[in-house]
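The structure appears below as C-alpha cells.
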C-alpha cells in the first residue's frame, strides 16, 4: 500500500512538472493513452477480456464517468494550485465515501463517524480558506475531484465482482484520454511535447501501473483494517516531493487542516473501534 501511494504521489508530481509546457487536455490524453497501452498489453498477456456484457450496466458506466471527471478536475487542481494543497484535499475522499454510503446505500454511520466527517470538513476549510488572501480558486476543482472519487468508490461497492479489476482500470484510463480529447477547445492548443516531458509522462505511466498493481495486491492479500491507514502516506510523500522538487512551503494552518483530515479519516476507518475496544478491555 505504501508503494502504491508513493507511486501516485510521483504521478501527481509529474503532472505538475509537465504542466509548465503542456495544456491540461494534452496531459490527460497522454496520461490516459500511455497508461492504457500498458494495461491493454497486460490484459492481452493474461488473456483478460476488457469488454464483457457484465460491464454494460449502470454501476460500471457511472463509475467510469466518475473516473473521467475526477481525472479532469484533479489535473486542473494540480496544475493551478499547490501540489501539497491538492493532495491534502484528496485525503477527504474516504470520509465523503462514508457520507455517501450513509445517504445512498443506507449504511449505518455511528455518531463518532459523523463527528469525524464534520472535523474532516473543517480541515478542508482550513486548507482552502475561502474568502481569504490564501484562497486559490483552483482548489475548488480538487474538492470536485474528491466528490467524483467518492462516487466512484460508492458505485464500485455495488458493481459486480465478476468484472476484472484490470478491465475496470483500463476503461478508467480510456475515459481519462477521452475527456482530454473532449476538452481540447477549453485549453491552450496542444503542442509537440519536449523529449523531457515525453520521458516524464512515459515514466509516470510505468509508475502508475506499478502503483495500481501494488494497490490491488495490498487490497486482496491484506486486511483492510490494517492497510487502509497507509493510504494517508500519499499526503506525506506529496508534502516531501512538493517541498524538495517544487519548493512549496505550506503554512501552519495548512498543516493543521491536513492533520484534521487525516486523523478524522483514521478514526473513520477503524481507529475509533480500536480505541473503544481497548477501553472496554481495560
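The values are calculated or read from the model by the stated rules, or taken from the named source; none is laboratory data. Remember, predicted model here, so these are calculated numbers, not experimental data. When we count neighbours, we look across all protein chains shown, and the Cβ atoms used for this are built from the backbone with ideal geometry, even at glycine.
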(Q) If I ask for residues that are in a helix (DSSP H, G or I) and surrounded by fewer than 22 Cβ atoms within 10 Å (Cβ to Cβ), which ones from the range 51-78 would you list? (A) 53, 54, 55, 58, 59, 60, 61, 62, 64, 65, 69
(Q) For the structure I just gave you, tell me whether residue 122 is farther than 26 Å from residue 212 by Cα, touching a helix residue (DSSP H, G or I) at 6+ places or on another chain (Cβ under 9 Å) and touching a residue at least 60 places away in the same chain (Cβ under 8 Å). (A) yes
Q) How about the range 100-117: which of its residues are in contact (Cβ under 8 Å) with a residue 40 or more places away in the chain and assigned to a helix (DSSP H, G or I)? A) 100, 101, 104, 112, 113, 116, 117
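Per-residue answers, yes or no, for (1) out of contact with any strand residue (DSSP E or B) (no Cβ under 9 Å at 6 or more places or on another chain); (2) part of a loop (DSSP other than H, G, I, E, B); (3) touching a residue at least 60 places away in the same chain (Cβ under 8 Å); (4) within 30 Å of residue 255 (Cβ to Cβ):
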{"position": "95", "(1), (2), (3), (4)": "yes, no, yes, yes"}
{"position": "148", "(1), (2), (3), (4)": "yes, no, yes, yes"}
{"position": "152", "(1), (2), (3), (4)": "yes, no, yes, yes"}
{"position": "163", "(1), (2), (3), (4)": "yes, yes, yes, no"}
{"position": "167", "(1), (2), (3), (4)": "yes, no, yes, no"}
Q: Only helices (runs of 4 or more DSSP H) wholly contained in the range 192-282 count here; list those with 3 or more residues that are at pLDDT 80 or above and surrounded by 13 or more Cβ atoms within 10 Å (Cβ to Cβ).
A: 195-221, 233-244, 252-266
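When the range 179-191 is examined, which residues are found to be surrounded by fewer than 13 Cβ atoms within 10 Å (Cβ to Cβ), part of a helix (DSSP H, G or I) and in contact with a helix residue (DSSP H, G or I) (Cβ under 8 Å, 6 or more places away or on another chain)?
Step one: filter the range 179-191 for residues surrounded by fewer than 13 Cβ atoms within 10 Å (Cβ to Cβ), giving 185-186, 188-189, 191.
Next, only the ones that are part of a helix (DSSP H, G or I) stay: 185-186.
Passing the criteria: only 186.
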Q: Within the range 1-37, work out how many residues are farther than 19 Å from residue 75 by Cβ and surrounded by 19 or more Cβ atoms within 10 Å (Cβ to Cβ).
A: 3
Q) Any residue at all in the range 27-50 that is at pLDDT below 95, within 25 Å of residue 268 (Cα to Cα) and assigned to a helix (DSSP H, G or I)? A) no
Q.
Restricting to the range 233-262, count the residues that are free of Cβ contacts under 8 Å to residues at least 40 places away in the same chain and in contact with a helix residue (DSSP H, G or I) (Cβ under 7 Å, 6 or more places away or on another chain).
A. 1
Q: Of all residues in the range 144-162, count the ones that are farther than 13 Å from residue 64 by Cα and crowded, with 19+ Cβ neighbours inside 10 Å.
A: 2
Q: Could you grab me the full set of residues in the range 183-196 that are without any contact (Cβ under 8 Å) to a residue 60 or more places away in the chain and either more than 12 Å from residue 30 (Cα to Cα) or within 25 Å of the chain's Cα centre (by Cα) (or both)?
A: 185, 195, 196
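Tell me the residue from 16, 46 that is under 18 Å from the mean Cα position of the chain (by Cα) and touching a residue at least 60 places away in the same chain (Cβ under 8 Å), please. Step through it out loud before you land on a result.
On the way: 46 fails: under 18 Å from the mean Cα position of the chain (by Cα).
Answer to the check: 16.
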Q.
Considering only the range 97-116, I want to know if a residue exists there that is within 17 Å of the chain's Cα centre (by Cα) and at pLDDT 90 or above.
A. no
